[in-house]
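Okay, so here's the structure we're looking at.
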Amino acid sequence: MIINGVTIEDTFAEAFTMRVARIVITGKTARWAREAALKLTGFATSVIGCKCEAGIERELAAPETPDGRPGVSVLFLTMDKESLPQQLIVRLGQTVLTCPTTACFDGLQAAPDRLAVGRALRVFGDGFQGSKVIGGRRYWRVPVMEGEFLIEETFGMQKGVGGGNFLILAEHADAALAAAEAAVLAMTDRPGVILPFPGGVVRSGSKVGSKRYKNMLATTNEAFSPTLRAIAPSALPQGVNSVLEIVLDGTDAPSIEAAMRLGIRAACLGGVRSISAGNYGGKLGPHHFPLRKIMTASAVA
Amino acid sequence: MSDVVTLALRTAPAGALELAAVTPDRLAQLAQREIAALPVRHGGRAAALGDFFVVQGERAARVRLEAEGLGAAMTGGELLVEGHAGRDVGVAMAGGTIEVRGDTGDNAGGALPGAARGMVGGEIVIRGNAGDDAGARMRRGLVVVTGNAGQGTGRGMIAGTAVVFGETGSDAGRWTKRGSIVACGPVARPATFRYACTYRPPHVRLLLLYLRERRGLDVADRWITGRYDRYCGDLAELGKGEMLQWAGE
C-alpha cells in the first residue's frame, strides 16, 4: 500500500489495556487552566519511568465546563487500578491545587469505578475544608491563601488503551520531524486521545529489557537506530536515515484508530519512505492496529 | 358550576399518593360527587380522591390544592406543585426534588416537631416567597427561594444550602453549625456571624449555574460571577457555617 509515495508497511501496532481518568481543569482564563494542565501532564510520557502517562486531550470553551469557565481536558493513564488514584492524588495536589484560580472536575461521570481523589486532597484543608453536594455530585472546598480550591470528590476510572503507535521512517531527520509535526497537528484535539510524549513525538523508541544491563527495563531499539545499521541487525530499509515514533493513548481503541488514520495520512510527506509500527509479535497486548486495514478503511470512508 | 374546585387534604397519605387523574381540564367537566370518585392510587393500590380530600366546588378549571406537608419525608422522585403550597413542604425529606410554582408556608424543608434534623437530602425549589424557617435544622440538601424568605431561614442548620434571591428575613442562620446561606438580596444577619472576606466562591458559581441550566431558574449573571461577603457563624455554635451575601459584580 502506498499513500502519496509513502509505503504503508504490512504490520500492526500493539497496544495495552490501561486505566484512564479524565480530569477537567478550569480557570479564570484559558491560560491558567492550561498552566495547571501543563504541570499536571509534565513528566508523564511513559509508565516506564513516570509511573503514568498523561496529556492534554483538548481545550474546552467556557460553555462546555461545569463552572462555565475556560478549561482543559486531560487524560491520565496508569497500568493498573491501584496506581491511578495514587498518581492523581500526588500530582493534582502539587499542580492543580497550587495553581491560581483553578477548579478540578471529573470528566468520566458515567464510569462506575470511582477514585476518591478529591476526598483525599480535602485534608489539605486541615479541618477547615467543607463539602457541597450540587446536582447529586459532591465537591470539596479547600481553603487556600487565594480563596478556595474546589475539587470534585471522586473521579471516574475506566479501561483505556495505551501504546498505540506508528513509526515514520524518513530519508533524513528533517523530513522525519516535518512529517511527525504534521501528524501531531492532524491528531490534536481528537476526543479520547492523547499523545503523551514531548510535542507528541518520540525519538527513542525502545525494546523491552537490555542485552547488557540487568536493571534496565527498556533500552534503545537498535533495529530502528540508523547509526547502528552496520553493526546490529537492522529493520531499516536502505535510504532511511532517521525514524520518529508517535505514541497514542486513549479512552478506547476506535478513538485511537481514528486518530492514527488522520496522523498517518498527514505524515505521508516528501522525504518519508515508509510508515511502520511497533509490536511485540502480537502476544503481549490485546489491542492490534493493522496499518493497512486502518488506511483502507479511510479510503472507503 | 363554581369558580374553583378546592381539594383540602383530610387524611395524610401513608404512602405515595398518585393524583394523575386530577387535572383541571377534567375537573371542569365533573360534578362534585364525580370528582370525589376520581381514581387515585395510594401506595400502588386503587383508591378514590374523596378518600383523602374534601372536595368543594365543581365544574371549574381552576383547582386549588390545600395540603400541608406536601412531599414530607419523600426520598426520591419529583413533585411539582402548580400554585401555592401550605406549610411543611418537604419537611424531613431525604431525596428527590420538589418544585413549587408559588409561595409556601412556614417550615419548608424544615423539621418535624421535636425532631433534631430537618431535611436530610433532596432539593426544594420555591418559585415564589417562603414563610418562616425555610430549611430549618437542615442536615443536607438544598432549599431555593426565588422570592423573599421569612424569618429564621436556615435556623439551626447542621449542613446543606439555602439560597434566597430576594430578601432574607431576620434571624437567618441563627444556631447554624455548618451549612451555607446564600443571600443574593438584603439579609438581616445575626450579630453572631463574623465577617471573613469578600471573594467569588467557586461553589456558588457552580450551584447557581446548576440552578439556571438544570432547574431552569432565571439566575442573573451578576449573581453567578459576582463577589460575596463571607460571614462565618453561628459563632455561638460550632461556627463552621457561612452566610454569603452578594456584594456586587
- Item | Selection from A:Val243, A:Ser274, A:His287 lying farthest towards where the dipole of the protein assembly as shown points positive, charges on Cβ | A:Val243
- Message: Return the Rg/Rh ratio of the protein assembly as shown with Cα-based radii and a Kirkwood Rh.
- Response: 1.14
- Task: Quick one: order A:Val193, B:Val81 by neighbouring beta-carbon count within 10 Å, fewest to most.
- Result: B:Val81, A:Val193
- Order of B:Asp51, B:Asp234, B:Asp132 under a 10 Å beta carbon neighbour criterion, fewest first: B:Asp51, B:Asp132, B:Asp234
- The ³J(HN,Hα) series, computed from each phi in segment A:252-263 with the Karplus coefficients 6.51, -1.76 and 1.60 at θ = phi - 60°, rounded to the nearest Hz and given as x for glycine or proline, is 6, 5, x, 5, 5, 4, 4, 5, 4, 4, 5, x
- Query: Per the Kirkwood treatment, what hydrodynamic radius in Å, one decimal, follows for chain B from the mean inverse distance over all distinct Cα pairs?
  - Reply: 18.7
- Message: If you average the alpha carbon positions of segment B:116-142 and of segment A:1-48, how far apart do those two centres end up, in angstrom?
- Response: 46
- Message: For a quick check: sort A:Ser255, A:Ser204 by the number of other beta carbons within 10 angstrom, fewest at the front.
- Response: A:Ser204, A:Ser255
- Note on the structure: Note: segment B:1-67, point scatterers on Cα, Debye, no solvent; log10 I/I(0) at q = 0.15 Å⁻¹ equals -0.40
- Given R₀ = 45 Å, FRET efficiency for B:Ala220-B:Thr11 by Cβ-Cβ distance, to 0.05? 0.55
- Task: Specify whether the C-alpha gyration tensor of segment A:26-76 places it in the rounded, prolate or oblate class, a ≥ b ≥ c being the square roots of the eigenvalues: rounded for a/c under 1.5, otherwise prolate if a/b is larger than b/c and oblate if not.
- Result: prolate
- Item | In Hz, Karplus ³J(HN,Hα) per residue of segment B:95-105 (6.51, -1.76, 1.60; θ = phi - 60°; x = Gly, Pro) | x, x, 10, 10, 10, 10, 8, x, 8, 10, x
- Could you work out how far apart the two model spin labels at B:Arg26 and B:Glu213 are, taking each label as a point 7 Å from the Cα in the direction of the beta carbon, and quote it in nm? 3.8
- Is the shape of segment B:127-216 best called rounded, prolate or oblate, per the rule: a/c under 1.5 gives rounded, else a/b larger than b/c gives prolate, else oblate, with a ≥ b ≥ c the square roots of the Cα gyration tensor eigenvalues? rounded
- Message: Suppose every Lys and Arg Cβ carries +1 and every Asp and Glu Cβ carries -1, with no other charges. What dipole size does the protein assembly as shown come out with about its Cα centre, to the nearest 20 debye?
- Response: 1120
- Item | For chain A, alpha-carbon Rg and Dmax in angstrom | 20.7, 66
- Message: Placing unit charges on C-beta atoms (Lys and Arg positive, Asp and Glu negative, everything else neutral), compute the dipole magnitude of segment A:220-286 about its Cα centre in debye, rounded to 20.
- Response: 260
- Query: Any idea what the dipole of segment A:141-290 comes to, in debye rounded to 20, about its Cα centre with Lys/Arg Cβ at +1 and Asp/Glu Cβ at -1?
  - Reply: 860
- Task: Would you compute, from DSSP H runs of 4+ residues alone, the mean residue ellipticity of chain B at 222 nm, taking -39500 (n - 2.57) per run and dividing by the full residue count, rounded to the nearest 500?
- Result: -2500 deg cm²/dmol
- By DSSP, what percent of the beta bridges with both residues in chain B are antiparallel, rounded to the nearest 5? 40
- Query: At a Förster radius of 22 Å, what calculated FRET efficiency corresponds to the Cβ-Cβ distance of A:Ala110 and A:Gln86, to the nearest 0.05?
  - Reply: 0.40
- Using Cα-only point scatterers and the Debye equation, what is log10 of I(q)/I(0) for segment A:1-139 at each q in 0.12, 0.13, 0.22 Å⁻¹, rounded to two decimals? -0.54, -0.61, -1.43
- Query: Out of A:Cys99, A:Leu167, A:Ile89, whose Cα points farthest toward the positive end of the dipole of chain A (charges: +1 Lys, Arg; -1 Asp, Glu; placed on Cβ)?
  - Reply: A:Ile89
- Item | Per-residue HN-Hα couplings for segment A:110-122 [Karplus 6.51, -1.76, 1.60; θ = phi - 60°; Hz; x = Gly/Pro] | 7, 5, x, 6, 10, 9, 7, 6, x, 5, 6, 6, 4
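Since every read-out is calculated from the coordinates, none of them should be taken as a lab result. Not measured: the values here are computed from a predicted model. Cβ coordinates were reconstructed from backbone atoms using ideal geometry, including for glycine residues, and neighbour counts include every protein chain displayed.
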